[in-house]
1. With the condition kept exactly as written, say whether any residue in the stretch 30-50 is over 20 Å from Leu160 (Cβ atoms) and either among the hydroxyl-bearing types (Ser, Thr, Tyr) or at pLDDT 95 or above (or both).
2. The conditions are (1) within 24 Å of Phe43 (Cα to Cα); (2) open to solvent by 50 Å² or more (accessible area, probe 1.4 Å); (3) not aromatic (Phe, Trp, Tyr), and Pro152 fails exactly one of them. Which is it?
3. What are the pairs, 6+ residues apart or on separate chains, where a residue within the stretch 153-175 that is without any contact (Cβ under 8 Å) to a residue 40 or more places away in the chain and part of a helix (DSSP H, G or I) has its Cβ under 8 Å from a residue that is open to solvent by less than 60 Å² (accessible area, probe 1.4 Å) and of a type in the set (S, T, N, Q)?
4. Which residues, counting only those in the stretch 71-87, are within 13 Å of the chain's Cα centre (by Cα), open to solvent by 50 Å² or more (accessible area, probe 1.4 Å) and of a type in the set (Asp, Glu)?
5. Please go through (1) farther than 24 Å from Gln180 by Cβ; (2) surrounded by 14 or more Cβ atoms within 10 Å (Cβ to Cβ); (3) at pLDDT 95 or above; (4) more than 15 Å from the chain's Cα centre (by Cα) for Ser68 and return the number of the only condition it doesn't satisfy.
6. Those residues that are outside any loop (DSSP other than H, G, I, E, B) and over 17 Å from the mean Cα position of the chain (by Cα), I need them from the stretch 89-142; list them, please.
7. Looking only at the stretch 90-122, count how many residues are touching a residue at least 40 places away in the same chain (Cβ under 8 Å) and open to solvent by 60 Å² or more (accessible area, probe 1.4 Å).
8. Say we look at the stretch 71-95 and pick out the residues that are among the polar types (S, T, N, Q) and modelled with pLDDT of 95 or more; which of these is nearest to Leu29 (Cα to Cα)?
Amino acid sequence: MHADQTQNDGLPKRKFIRWQGYDYTSCGLYFITMVAYHRQHLFGHITDGKMMPSDIGRMVQQCIETLSNRFSEVEIGDWVVMPNHLHLIITNEGNAYVPEIIRQLKAMTSYQYHKLTPNTAGSSLWQRNYYDRVIRDEREYNFVRNYIFCNPERWEQDQLNNLSQATDFDDIGLMLHQIQLRKDFNPTDYFKRK
């Protein structure tokens, strides 16, 4: 750790990963990725390009489906639960605070996880942080939807698959950056390659 990565008290300084200055209560579309603690494969496995959820994976799916009941101004569109992570698109139609939605989803699933597996008391289900991206336009939206839909088929190329032997990984952040910078980058062509 570099000297500039510590606080004055000598403790590590956490990197702020939210978009600085952005109002996360703004109406819009948000792409969210949450990862299991230590990238454990708790939620199921992939067989022939299809996600086969475990009991924990089914519980996470059920919790995602109930989010709109907790937040009336929120719609959960496309989503996928993978063996060690999940992706979802949140549509904020009101003034819900997106980090609070994620906090509640983590709390609900963690509570249910400890009920399902009592021997896990004190252990975490999720990594501390999560990835978010404000979806800026229709090209990004279509790409993210396609990415979510194709994620089980492309599990071997998934950057979050810590068991993969692949050498060419999907980098969703880089791909979204390409879409933003290059109008000639066709996001639908990306998924035609294997």
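1. Filtering the stretch 30-50 down to residues over 20 Å from Leu160 (Cβ atoms) leaves none.
No, every residue in the stretch 30-50 fails to be over 20 Å from Leu160 (Cβ atoms) and either among the hydroxyl-bearing types (Ser, Thr, Tyr) or at pLDDT 95 or above (or both).
2. Result: Pro152 passes all but (2).
3. Every condition considered, the pairs that remain are Glu156/Ser164; Gln157/Ser164.
4. none
5. Ser68 satisfies all of (1) farther than 24 Å from Gln180 by Cβ; (2) surrounded by 14 or more Cβ atoms within 10 Å (Cβ to Cβ); (3) at pLDDT 95 or above; (4) more than 15 Å from the chain's Cα centre (by Cα) except (3).
6. We begin by selecting, within the stretch 89-142, every residue outside any loop (DSSP other than H, G, I, E, B); these are 89-92, 98-116, 118-120, 126, 131-134, 138-142.
Scanning the stretch 89-142 gives Tyr111, Gln112, Tyr113, His114, Lys115, Leu116, Pro118, Asn119, Thr120, Glu138, Arg139.
7. Taking the stretch 90-122 as the starting set, the residues that turn out to be touching a residue at least 40 places away in the same chain (Cβ under 8 Å) are 90-99, 102, 105-106, 108-109, 112-113, 116-117.
Still in the list and also open to solvent by 60 Å² or more (accessible area, probe 1.4 Å): 93, 95, 97, 112, 116.
Count: 5.
8. If we filter the stretch 71-95 for residues that are among the polar types (S, T, N, Q), which is where we start, we get 72, 84, 91-92, 95.
Those still in the list that are modelled with pLDDT of 95 or more too: 84, 91-92.
Values: Asn84: 23, Thr91: 5, Asn92: 6 Å.
Ranking the qualifying residues of the stretch 71-95, first place goes to Thr91.
The values are calculated or read from the model by the stated rules, or taken from the named source; none is laboratory data. Because the structure is a prediction, the values reported are computed rather than measured. Backbone-built Cβ (ideal geometry, glycine too); neighbour counts: all protein chains shown. Surface accessibility is based on the protein's heavy atoms, side chains included, excluding ligands, DNA and RNA. Shrake-Rupley method; radii C 1.70, N 1.55, O 1.52, S 1.80 Å.
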